[in-house]
Amino acid sequence: MRLRVQILETAFLPALQSGRTSECNIGQVAVVKYSLLGSILSNLLLVLGTSLFCGGIKNMNVEQKYDRRQADVNSLMLLLALLCHLLPLLFRYSGPPIALTDVSSLQLSRAAAIVMLLSYFAYLVFQLFTHRQLFETEEAEGDENDSEEEPAIGLWSGVVWLVLMTLIIALLSEFVVATIEAASDSWGLSVSFLSIILLPIVGNAAEHAGAIIFAFKNKLDISLGVALGSSTQIAMFAVPVCVIVAWIANIQMDLNFNVLETGSLAVAIITTAFTLQDGTSNYLKGLILLLCYIVIAACFFVQTSPSLNHAGVTNNTLQSATGAVLSAQ
């Protein structure tokens, strides 16, 4: 799994350097939240759903199986992330005045962010060291039937390509910003739809293609690792790190993603967990996940909220969020 380190730089460094007002910081934080949420939804529903659907169509006469232990671990991690998002949201409806609940929500979010990071590091130790064999069983069995594939490039070549692609994505994000702004002005699209739906689709293109290719080859464990592993990394690492860095930078960012956004996240996580509970796959499961994503996308499309210009989100703000999403993939 690839680290989302550049999310922090693109999201918060401009605010620190320019000394923005609190109102501008609020708009910037909102777009960053939407972008991170969109990446999770896209991986869970769009990437995983398309992989299961295409793999089921291609291998119609073959029973597709995968090691459910990997899915169980990732589902538990995502459910923990969902709890950390739900509790700050519920503070808004707990009774005290909004000023008091905002402070409590912010403090709880920062504490939850630390817990999420500790959980993610424990997850890495579990996966890479103490219980590594649980994630290698199916791969070892598959090697008996498949010929060993040699890597196309070496380690250092891969590192060089990764750095080059990161730089290219950073440059292309400026052009993406101009396109997004034009679409927002002409079509009146909301900030939430642009950040939650459109940007993650573009940023997830590489992962999307890779997961589908492995699903076509009936290697669902790898496809699940791409989709679920990426979602877990964003939810349990990228999001809490952003909260902590914002805390250090004296920027108020909590884990309250609002009712509609948090509800969509809950539906995506619970639906995915139920879909993967029996260790088998077919095209219908993938289709259900895709339909869930389409309904959520339609919801944010028809949501009436100010456009980018009317919301007071500047070009630099959207550029920061765009770079965060594209670099996250």
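The values are calculated or read from the model by the stated rules, or taken from the named source; none is laboratory data. Given the structure is predicted, the values throughout are model-derived calculations rather than measurements. Backbone-built Cβ (ideal geometry, glycine too); neighbour counts: all protein chains shown.
Filter region 279-294 for residues that are out of contact with any Lys or Arg (no Cβ under 9 Å at 6 or more places or on another chain) and not aromatic (Phe, Trp, Tyr) and give the result. Result: Asn282, Leu284, Lys285, Gly286, Leu287, Ile288, Leu289, Leu290, Leu291, Cys292, Ile294.
Within region 183-199, can one find any residue that is assigned to a loop (DSSP other than H, G, I, E, B), modelled with pLDDT under 90 and not polar (S, T, N, Q)? Among the residues of region 183-199, at least one is assigned to a loop (DSSP other than H, G, I, E, B), modelled with pLDDT under 90 and not polar (S, T, N, Q), which makes the answer yes. Inclusion of Ser75 among residues that are under 20 Å from Ile251 (Cβ atoms), in a helix (DSSP H, G or I) and among the hydroxyl-bearing types (Ser, Thr, Tyr) is not warranted. Restricting region 1-58 to residues that are surrounded by fewer than 24 Cβ atoms within 10 Å (Cβ to Cβ) and of a type in the set (Ser, Thr, Tyr) leaves a set whose member that is modelled with the highest pLDDT is Thr50. Return only the number of the condition from (1) modelled with pLDDT under 90; (2) among the aliphatic types (A, V, I, L, M); (3) closer than 19 Å to Ala297 by Cα that Ile251 does not satisfy. Going through (1) modelled with pLDDT under 90; (2) among the aliphatic types (A, V, I, L, M); (3) closer than 19 Å to Ala297 by Cα one by one, Ile251 breaks only (3). Residue-level analysis places Gln127 outside the set of residues that are surrounded by 13 or more Cβ atoms within 10 Å (Cβ to Cβ), in contact with a helix residue (DSSP H, G or I) (Cβ under 8 Å, 6 or more places away or on another chain), under 30 Å from Ile294 (Cβ atoms) and modelled with pLDDT under 90. Restricting attention to region 250-291, the residues being crowded, with 20+ Cβ neighbours inside 10 Å, touching a strand residue (DSSP E or B) at 6+ places or on another chain (Cβ under 9 Å) and of a type in the set (Val, Ile, Thr) number 1. Output yes when any residue across region 140-153 is in a helix (DSSP H, G or I) and modelled with pLDDT of 75 or more, and no when none is. So far as region 140-153 goes, no, none of its residues is in a helix (DSSP H, G or I) and modelled with pLDDT of 75 or more.
Condition check ((1) at pLDDT 85 or above; (2) among the aromatic types (Phe, Trp, Tyr); (3) exposed (fewer than 13 other Cβ atoms within 10 Å of the Cβ)) across all residues:
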| position | (1), (2), (3) |
| --- | --- |
| Ser75 | yes, no, no |
| Pro97 | no, no, yes |
| Thr101 | no, no, no |
| Ala113 | yes, no, no |
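Residue pairs whose Cβ atoms lie under 6 Å apart, separated by 6 or more positions or on different chains, with the first residue in region 231-253 and in contact (Cβ under 8 Å) with a residue 24 or more places away in the chain and the second assigned to a loop (DSSP other than H, G, I, E, B), are Gln233/Met1; Ala238/Arg4; Val243/Met253; Ala246/Met253.
Here is the figure for region 225-255: residues that are part of a helix (DSSP H, G or I) and over 14 Å from the mean Cα position of the chain (by Cα) total 6. Taking region 59-72 as the range and being in a strand (DSSP E or B) and crowded, with 18+ Cβ neighbours inside 10 Å as the test, only Gln64 passes.
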